[in-house]
Amino acid sequence: MPSPAAATALVWSWELSKPGVTVHVFRDGYYPGALHGPCSAGVDPVPWWQGVFSGMFMHASWQHILGNMLFLWIFGNNVEDALGHLRFLVWYVAAGIAAMAAQTAGTFEFAGVHAASVPNIGASGAIAGVLGAYFVLLPRARVLTLIFFPLAAARYRGLSR
């Protein structure tokens, strides 16, 4: 059974193939307008149910995928150990679907038709669900972080560009 990280890496390598990330995002991303039109994106979006799943595993840049996979690596392995492989995968996908639904509702309620024609992509919603599960399942766990103060201070003072 593939892990979410492996599935995401596979989809990212597919996105990097021809015709490229931008074309894949606009062609295969999830458009809220595809669910409850109109969709004025200038493309014929994939069916909404297909876009939910393709969009959940797609990313727009190296920073986007690396940031999401870092959080998945740090928190996901503990949640997967607590839930088991299958339940973790089901939780991950359910959280991603819930995030797409919330984004769609927010888009239609507050942003309008033009915003519904912007593709939604990324694993951030599913990873937010993993973070929520982490805090519920492991409330006393400690997360150690390393902060680079000299680098941050130099940037703050404008010494580094």
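Every read-out reported here was derived from the displayed coordinates using simple, explicitly stated rules and does not represent laboratory data. These numbers come from a predicted model, not from an experiment. Glycine gets a Cβ as well: all are built from the backbone with ideal geometry, and neighbour counts include every protein chain shown.
Please build a GNM for the chain, connecting alpha carbons under 10 Å apart, and tell me which residue among TRP91, TRP62, TRP48 fluctuates the most.
TRP62
Only one of the listed values, [x] 15.5, 53; [y] 17.0, 53; [z] 17.9, 50, was derived from the coordinates as Rg and Dmax of the Cα atoms in Å; which label is it?
[z]
Using +1 on the beta carbon of Lys and Arg, -1 on that of Asp and Glu, and nothing else charged, what's the dipole of segment 2-88 about the Cα centre, debye to 20?
Numbers: 3 positive and 5 negative charges, 19 e Å.
Roughly 100 debye for segment 2-88.
Between 0 and 90 degrees, rounded to the nearest ten: what's the tilt of helix 124-137 against the longest Cα principal axis of the chain?
Orientation of helix 124-137: about 40 degrees from the principal axis.
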